[in-house]
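See structure below.
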Amino acid sequence: MISLDTAQDLVSSMNPQDTLVVCRGRSRQTFLSFEGQRRNYKWVKSPITCFALLHFKASFPFNTTYYYNAYECPVTNLKTTTWENGTDCCSWLGVTCHPISGHVTGLDLSCSGLYGEIHPNSTLFHLSHLQSLNLANNDFYPSPLSSLFCGFVSLTHLNLSNTYFRGEIPSQISHLSKLQSLDLSLPLNSQFLLKWRESTWKRLLQNATVLRELVLNRTDLSSTSMRPLNLSSSLITLSLRGTGLKGTLADGILCLPNLQHLYLSDNFDLHGQLPNLSCSTTSVSVLQISSNEFQGPIPPSFSNLVHLTFLDLSFNKLNGSIPPLLLALPRLTFLYLRDNYLTGQIPNVFHQSNIFEVLDLTHNNIQVSNFVLQQATRQYSRINFQSCQPYLCLSSNNFSGPVNLSLFSNFQNLKGLYLSQLSQLSLNFESRANYSFSSLLQLDLSSMSLTEFPKLSGKVPILKILYLSNNKLKGRVPTWLHKMDSLSALSLSHNMLTTPMDQFSRNYQLTILDLSFNLLTGSISSSICNASSMESLFLPHNKLTGIIPQCLVNLPYLQVLDLQMNKLYGTLPSTFSRNNRLSTLNLNDNQLEGILPESLSNCTLLEVLNLGNNQIEDTFPHWLQKLPYLKVLVLRANKFHGLIASFKTNHGFPSLIVFDISSNDFSGPIPKAYIQNFEAM
């Protein structure tokens, strides 16, 4: 018998006829015996290492219903449930072993439904030969990020993203000098759980000279700055979204020789002007620096970013005009410039540009001439986007003059067209013109001062979302709109419509219907319940009369029902079904009477209940106190009466923020226990 420490000498001295027989010892070493008949030999992992993995598995409870991150992990894969004692751990799911030594060199337990603390005595830290460790998308809260992770000195890949580790990042992380990929990102709801010291941050960058991927989204880098950093020249991806970075952006980052992906969005203390590039060309293909405080013009030198396919400068304070050469970058297909202070004309360079899948210029002060728009659509008409999803967003700019809607049909396979808040643009609808939007899913024509409905009969066969709110539309909704079986969301609010409610029962696929602030009269027909998938129904500020249909509050998916400021009368529906999804119920400022049905307590997801300014006559509804999410309760100006007695539970109304019972006939004092239970106030 010989140990692994001397086995290499044995292998080098073997004859072709020799063979190795593996024997398992009681120590941590792998043992071999030499027999000498055949050339075949292999190494088997010692039972000590398998024990370490099994012990690590046993340190976490199993939760087969645990789904941590639906985007990163559509389905969790409980890999450790397949690990069985007595089997070769090198064959287990998520485990990779070295083909010669048998050491565990890779462990991938991402999306494995693990939850609970990782303690310092965890046998995970016995796997000293790990080169790749991926524990992403599990929940180890409230574990600190242990310095023992930094003992894996052979690591080239470490992914602890979305694992809820907390505390200060250990300074020993700089010992991982072989790292090629490091991801410590935190989920959206856990920003700054992990904090960097500036010394730790700089030492890591100094030592990790072969880093290719560094992803630290939502970790706390607020004590560091964007002063020139010693970033690895091999870096390909750098993602520091929402890390609290401060200072200005130096051009040195953009000019790193191999950098392809840079994400710096959601850092609200990054300010100053975008840098003029000192390099004549770069490798950057994706640049996202949205939601910061950058100001000034877009530098003309950004035209040096010849490999760009995706550029997002949205939600900054950029001004000036769009550089013509930026639109003409040969590979640029996604351009987001929304919510800045850009001015001037859209450059007429579409004959030179690549074909945009997304061009978002929303909320600026940009102008466009009909000639430029025609040039753009003529260029796009030559391209079929196939499976791509192109969107054209021109809302909230300074466009003016007449434009035919048919012009936009030249954008083949256009999925979304957004032209809202362009009140100076005169949009013409040609009902007899031979055009169609065969792929259009979303159309936003709100706040355009339209006086007539667009003539879209047969021209938008698969349209799902239509916004026509805040225009000057009068009278009835056209028949073609009611015949659109594909429509799932329709907003016609803030117009002067008088269409009977029962007309919308034909749109049985509707999930969102907003008819607020119109001139609707008559009753709410129960036929509206034909839209059985309805999630949100907004009918406030109309002149509706009659009773509330019982079927309306029993729609299985209804979350928001807003009927306030009408002339509805009668009693509330008597039965609110169990397991309903209502979260908002606004019935204030009507003429409702009677008592409150106790079945309202079935609305266990209810957050807002506003019954103010009606004629409801009842005692105080103590049974509402059990609703766990109720934040707003308004009963003002009704005919409620009687004493307000103490609660019968210790934690009544645990989430209440707004409580208005004024202008009723309640008597007696409000008990102290009553107020003390409003824990959220």
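Nearest 0.05, what FRET efficiency do Glu168 and Ser122 give at R0 = 30 Å with Cβ-Cβ as r?
Details: r = 19 Å, r/R0 = 0.65.
About 0.95, to the nearest 0.05.
Residues of the range 388-423 falling in the label zone of Ser449, defined by backbone nitrogen less than 15 Å from a point 7 Å along Cα to beta-carbon, are 396-403, 420-423.
Given the range 61-224, what percent of its DSSP beta bridges are antiparallel, to the nearest 5? Bridges in the range 61-224 that DSSP calls antiparallel: roughly 15 percent. Positive-end ranking of Leu186, Ser122, Ile173 along the dipole of the range 61-224, with charges on Cβ about the Cα centre, is headed by Ile173. How far is the Cα center of the range 294-323 from the Cα center of the range 455-498, in Å? The distance from the Cα centre of the range 294-323 to that of the range 455-498 comes to 37 Å. On the basis of the beta-carbon distance and an R0 of 60 Å, Trp480 and Thr248 show a calculated FRET efficiency of 0.65. Largest first, the residues Met226, Met496 sort by 1.4 Å accessible area into Met496, Met226. In terms of its alpha-carbon gyration tensor, the range 61-224 comes out oblate; a/c meets the 1.5 threshold, while b/c is at least as large as a/b.
I need to check one value: relative contact order of the range 61-224, counting alpha carbon pairs closer than 8 Å and at least 6 residues apart, in percent. It comes to 16 percent, rounded to a whole number.
The modelled label-to-label distance between Asn258 and Thr96, using points 7 Å beyond Cα along the C-beta direction, is 1.8 nm. With each label modelled as a point 7 angstrom along the Cα→C-beta vector, the Ser225-Tyr629 pair spans 4.5 nm. In loop segments of the range 232-327 as defined by DSSP, there are no trypsin sites (Lys or Arg not before Pro) with at most 16 further C-beta atoms inside 10 Å of their C-beta. Heavy-atom accessible area, probed at 1.4 angstrom with all protein chains present, ranks His363, His261, His119 as His119, His363, His261, highest first. Modelled this way, with points 7 Å down the Cα-to-C-beta line, the labels at Lys317 and Thr545 are 5.5 nm from one another. Dipole size of the range 496-652 about its Cα centre, with +1 on Lys/Arg Cβ and -1 on Asp/Glu Cβ: approximately 200 debye, rounded to the nearest 20.
Legend: distances between Cα atoms for Lys567/Lys639; Lys57/Lys178; Lys543/Lys631; Lys195/Lys246; Lys474/Lys543; pairs beyond 20 Å are Lys57/Lys178; Lys543/Lys631. Remark: the Thr343-Ser532 segment gains 63.4 nm on full extension, using 0.36 nm per residue and subtracting the alpha carbon distance. Accessible surface area normalised per residue over the range 168-241 is 42 Å², counting heavy atoms of protein chains with a 1.4 Å rolling probe.
The values are calculated or read from the model by the stated rules, or taken from the named source; none is laboratory data. This is a predicted model, so every value here is computed, not measured. With ideal geometry, Cβ positions are generated from the backbone for all residues, glycine too; neighbour counts draw on all protein chains shown. Side chains are part of the model used for accessible areas, which takes the heavy atoms of the whole protein and leaves out ligands, DNA and RNA. Shrake-Rupley method; radii C 1.70, N 1.55, O 1.52, S 1.80 Å.
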